[in-house]
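The values are calculated or read from the model by the stated rules, or taken from the named source; none is laboratory data. No experiment lies behind these values; they were computed from the predicted model shown. Methodologically, a virtual Cβ is constructed for each residue, glycine included, from the backbone with ideal geometry; neighbour enumeration extends over all protein chains shown.
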Ligand SMILES: Nc1ncnc2c1ncn2[C@@H]1O[C@H](COP(=O)(O)OP(=O)(O)OP(=O)(O)O)[C@@H](O)[C@H]1O
Ligand SMILES: [Mg+2]
């Protein structure tokens, strides 16, 4: 079953800004879908339209089988977790959790049961009588999630819920959100601009750019087969190398060097190569390049090199040796090469 | 931060001296004089005074027109404070809906605040003028012949309306900035949690404005009791006798018109005590005031 259907949705703000330009996505039951994209790509706008906090200019939003375009947020059976927590500062944690239920005339014993259940699940039981100002950032984030959980919504909507936390806590909470969502088996949309968060959390990723969908797929699909140069360089860290090259049918020509490359496509292309899929070759069989900078990241080492007039980055195990004269030959498997059209940026599979 | 130390320990006191001098000359001295003369019966023409103990207080408190004035002051203060708060809040809420993030309009609305108080008072008084006052003409349509300066409650009503009218912009500005400092995401979270806008207002917005409301309430009480002197003076000018006045105005009238310096001093000492109490309450409230972050 499908929990949420977003059908050809567009959003034009009153000032004329076209934030979402016709997007269609489905969220299946129990699925965690991540909207990812650079700042200003319209992901918050899309999420807020699902929540009912922004009007839908065109298209339809269907939640649990009914069109909700004209429903108030409170009538949509959604729960939202905001970036800055948005807790009610004058209410205790308990009241924060209960507020939504009380307004829906839920019986008191039911409210108590749900609040206690959520508090146990999130380990915030001991803070129930505190005010939000007496909590740490991580604890506030838990309360914000508790407030979403007690509603038993059809779908959770997260708008960058972890971006106010420090890196360590962010990783920990990310894992917890995933576990929690699995356990509750409730569908969720999670908005982030952080591709690592997207890759680790998502059942499916929707990559947005300039108000449009670039690609929808599982993290593995998107990593293995990016549909456009935008997706290719957005997903993965460090980003995929993009090189101007020419394919001739049986060879790859780049910066005057040529390698055997059996693909049917011919002509000038943009060639994508992930830094972690390139190695320094002992022999001279690969692409010859010259090291410019080395970056040690502990376990791995980033090797920046010049290949003719173009820059490439390799990522390899920090233990592996690097030639002292700085001259390297780069090897890679032909299967790891992604070809893209130079004009449209679309993937070429031929 | 680094604390700078003065070489001479008396130097800071020297720097404070001018301010202290001003306070002493314009505040402490008159206050002391008032307390002193409240125990004397003074002859205004020849300047000799007889010590009468608490007689002035007894006379002041037992006079029937003192009670009447005290009652009027209480009613006046409550109405002016509450009405200014309520109207200011109503206007601020409507403005806030339109203004979200549009600071140009906000600046325009602030201008109201820049009108000099005496000018505002004079305009207000003109509204109730017997001959050219549009409000008098307006209520006349309903058969109410409003006679400000003659009829006790007509005059009182005019005072309440003009005083409120002058205080509303003040409340408005504070409420508006209070409303605008409520984070948008808190309002949105409330929208998801609660359908009824009225309910949202009373359960989220209004409690978040509580510090502002407390602050304005104290401010309004002080205003209504002590700072409406000018307005009242404009309204009752040359209309002696039956007009309602506040306690502060009565002090002035008894002392400077009625030449009862002792009685008027006793009344001002009573007012000083009220101010003292108000100040204590205010500090208590500010201490307790919840700080939201
Ligand atoms: N209320 C608004 N009025 C006009 N334009 C807006 C409004 N809100 C957002 N926009 C514009 O719509 C576009 C998409 O905004 P949106 O907030 O959805 O971006 P986002 O993908 O969430 O970015 P971020 O990662 O920075 O949060 C942006 O260009 C933004 O300037
Ligand atoms: Mg956003």
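In the condition set (1) away from chain B (no Cβ under 14 Å); (2) more than 16 Å from ligand 1 (Cβ to nearest atom), residue A:146 is compliant with all but (1). Looking across the stretch B:273-293 at every residue that is surrounded by fewer than 12 Cβ atoms within 10 Å (Cβ to Cβ) and modelled with pLDDT of 85 or more, the one that is nearest to the other protein chains (Cβ to nearest Cβ) is identified as B:280. Of the set (1) farther than 17 Å from residue B:271 by Cα; (2) surrounded by 10 or more Cβ atoms within 10 Å (Cβ to Cβ); (3) within 34 Å of the chain's Cα centre (by Cα), all apply to residue B:6 but (3).
How about the stretch A:237-264: which of its residues are at positive phi and touching a residue at least 24 places away in the same chain (Cβ under 8 Å)? Passing the criteria: A:255, A:256.
Residue by residue through the stretch A:60-75, note down the ones that are part of a strand (DSSP E or B) and either without any contact (Cβ under 8 Å) to a residue 12 or more places away in the chain or outside the structural domain of residue A:187 (by TED's automatic domain parsing) (or both).
First, the residues of the stretch A:60-75 that are part of a strand (DSSP E or B): A:60-63, A:66-67.
Residues satisfying the conditions are A:66, A:67.
Quick one: how many residues across the stretch B:175-206 are within 7 Å of chain A (Cβ to nearest Cβ), crowded, with 17+ Cβ neighbours inside 10 Å and part of a helix (DSSP H, G or I)? Going through the stretch B:175-206 one residue at a time, the tally reaches 8.
Taking the stated definitions as given, is residue A:77 within 14 Å of chain B (Cβ to nearest Cβ) and more than 16 Å from ligand 2 (Cβ to nearest atom)? For residue A:77, the condition - within 14 Å of chain B (Cβ to nearest Cβ) and more than 16 Å from ligand 2 (Cβ to nearest atom) - is met. Could you tell me whether the stretch A:76-92 includes any residue that is under 23 Å from the mean Cα position of the chain (by Cα), free of Cβ contacts under 8 Å to residues at least 60 places away in the same chain and assigned to a loop (DSSP other than H, G, I, E, B)? Scanning the stretch A:76-92, I find at least one residue that is under 23 Å from the mean Cα position of the chain (by Cα), free of Cβ contacts under 8 Å to residues at least 60 places away in the same chain and assigned to a loop (DSSP other than H, G, I, E, B), so the answer is yes.
May I ask you to verify whether residue B:106 is closer than 30 Å to residue A:90 by Cα and at pLDDT below 85? When the stated conditions are applied, residue B:106 passes them. One residue stands out among those in the stretch A:33-60 that are surrounded by fewer than 22 Cβ atoms within 10 Å (Cβ to Cβ) and over 21 Å from residue B:185 (Cβ atoms): the one that is nearest to the chain's Cα centre (by Cα), which is A:38. What do you reckon, is residue A:87 more than 16 Å from ligand 1 (Cβ to nearest atom) and assigned by TED's automatic domain parsing to the domain that holds residue A:129? For residue A:87, the condition - more than 16 Å from ligand 1 (Cβ to nearest atom) and assigned by TED's automatic domain parsing to the domain that holds residue A:129 - is met. On inspection, residue A:113 passes the criterion of being loosely packed, with under 14 Cβ neighbours inside 10 Å, away from chain B (no Cβ under 13 Å), away from ligand 1 (no atom under 16 Å from the Cβ) and assigned to a helix (DSSP H, G or I).
Yes/no matrix, rows are residues, columns are (1) touching a residue at least 60 places away in the same chain (Cβ under 8 Å); (2) surrounded by 18 or more Cβ atoms within 10 Å (Cβ to Cβ); (3) more than 11 Å from chain B (Cβ to nearest Cβ); (4) within 33 Å of the chain's Cα centre (by Cα):
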{"site": "A:102", "(1), (2), (3), (4)": "no, no, no, no"}
{"site": "A:109", "(1), (2), (3), (4)": "no, no, yes, no"}
{"site": "A:119", "(1), (2), (3), (4)": "no, yes, yes, yes"}
{"site": "A:134", "(1), (2), (3), (4)": "no, no, no, yes"}
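Looking only at the stretch A:1-22, filter to residues that are within 15 Å of ligand 2 (Cβ to nearest atom) and in contact with a strand residue (DSSP E or B) (Cβ under 7 Å, 6 or more places away or on another chain); which one of those is farthest from residue A:180 (Cα to Cα)? Per the criteria, the residue is A:13. Evaluation of residue A:238 against the conditions (1) surrounded by fewer than 18 Cβ atoms within 10 Å (Cβ to Cβ); (2) more than 23 Å from the chain's Cα centre (by Cα) shows that the sole unmet condition is (2). If I ask for residues that are touching a helix residue (DSSP H, G or I) at 6+ places or on another chain (Cβ under 7 Å) and under 23 Å from residue B:183 (Cα atoms), which ones from the stretch A:34-55 would you list? Scanning the stretch A:34-55 gives A:51, A:52, A:53, A:54.
Answer yes or no: is there a residue in the stretch A:239-256 that is at pLDDT 90 or above, assigned to a helix (DSSP H, G or I), more than 16 Å from ligand 2 (Cβ to nearest atom) and more than 14 Å from chain B (Cβ to nearest Cβ). For the stretch A:239-256, residues at pLDDT 90 or above, assigned to a helix (DSSP H, G or I), more than 16 Å from ligand 2 (Cβ to nearest atom) and more than 14 Å from chain B (Cβ to nearest Cβ): absent.
Those strands (runs of 3 or more DSSP E) of the stretch A:151-227 in which at least 2 residues are away from ligand 2 (no atom under 16 Å from the Cβ) and over 10 Å from the mean Cα position of the chain (by Cα), considering only elements entirely within it, cover A:155-159, A:187-192, A:212-217.
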